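Participant: Below is one structure. I have some questions about it.
Just so you know, all these numbers are worked out from the coordinates, no wet-lab data involved. Fair warning: this is a prediction, and the values are worked out from it, not measured in the lab. Neighbour counts run over all protein chains shown; Cβ positions are idealised from the backbone, glycine included.
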């Protein structure tokens, strides 16, 4: 994906849909699950619950004091998202899948940062358990971040373009 305009459209759509869907599901979880018993589906594989997570993924950082928590859970991730956006628009060798993947990461991160800034916590509501394994409790933003990382994995494992390939692409 070569042009700034095409990347901008993809980023705006993916980030907008990610943030919108995440915020909507958090709203639904708050309205329908807060204070209610957990809901189980698919023979207990999926559990819907309502949790206020003051930390990051798997509640990491929830025990930090009021100085470090905003710094490490809001400012640092926000700087990473700005760096990702810069990379999306400046790296000429990104293809469409990579732009979508990075935009998913930005959208998920942005939505969780917005929650921490507005409410002091993130709402998590999804929990999976099957075959003796289980996840932590997570939300749609976390799924977007992990989905983006999953999409990027094959690209991260392939060799970097050779100088000849870079010249061919540039020329």
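Participant: Taking the beta-carbon count within 10 Å as an exposure proxy, list 162, 6 from fewest neighbours to most. Write out the running numbers ahead of the final one.
Facilitator: On the way: 162 9, 6 12.
Neighbour counts put them in this order, fewest first: 162, 6.
Participant: What shape does the stretch 71-171 take by its C-alpha gyration tensor, where a ≥ b ≥ c are the square roots of the eigenvalues and a/c under 1.5 counts as rounded, a/b above b/c as prolate, and the rest as oblate?
Facilitator: On the way: a/c = 3.38, a/b = 1.64, b/c = 2.06.
It is oblate, given that a/c is not under 1.5 and a/b is not larger than b/c.
Participant: Hey, another quick one. Can you tell me the order of 34-41, 10-17 when each peptide is scored by its average per-residue count of other Cβ atoms within 10 angstrom, highest first? Provide the component values of the computation, followed by the final result.
Facilitator: Numbers: 34-41: 10.5, 10-17: 16.2.
Going by the mean number of other Cβ atoms within 10 Å, highest first, we get 10-17, 34-41.
Participant: Next question, about the same structure. Under the 0.36 nm per residue contour assumption, what length would be gained going from the current alpha-carbon distance of residue 92 and residue 146 to full extension?
Facilitator: Values: separation 54, 0.36 × 54 = 19.44 nm, distance 2.38 nm.
Contour length minus Cα-Cα distance gives 17.1 nm.
Participant: Right, next: Rank-order 144-150, 85-91 by packing density, defined as the average count of other C-beta atoms within 10 Å over each peptide's residues, highest first. Walk me through the intermediate numbers first.
Facilitator: Values: 144-150: 18.9, 85-91: 13.6.
Averaged packing, sorted descending, gives the order 144-150, 85-91.
Participant: Can you work out the PRE-style zone for residue 34? Point 7 Å along Cα to Cβ, and I want the residues of the stretch 131-159 with backbone N under 20 Å.
Facilitator: So the set is 137-142.
Participant: Specify the angular offset, from 0 to 90 degrees and rounded to the nearest 10, of the alpha carbon long axis of helix 140-157 from the longest principal axis of the alpha carbons in the chain.
Facilitator: 30 degrees
Participant: Summarise the long-distance tail of P(r) for the chain by giving the % of C-alpha pairs beyond 30 Å.
Facilitator: Numbers: 3932 of 14535 pairs.
It works out to 27 percent of all Cα pairs.
Participant: Which of the peptides 92-101, 125-134, 151-160, 18-27 is most tightly packed, and how do the rest follow, judged by the mean count of other Cβ atoms within 10 Å per residue?
Facilitator: Details: 92-101: 16.0, 125-134: 13.0, 151-160: 10.3, 18-27: 18.0.
Descending mean neighbour count gives 18-27, 92-101, 125-134, 151-160.
Participant: For the chain, find the longest principal axis of its Cα atoms and tell me its angle to the long axis of helix 96-119, 0 to 90°, nearest 10.
Facilitator: Helix 96-119 sits at roughly 40 degrees to that axis.
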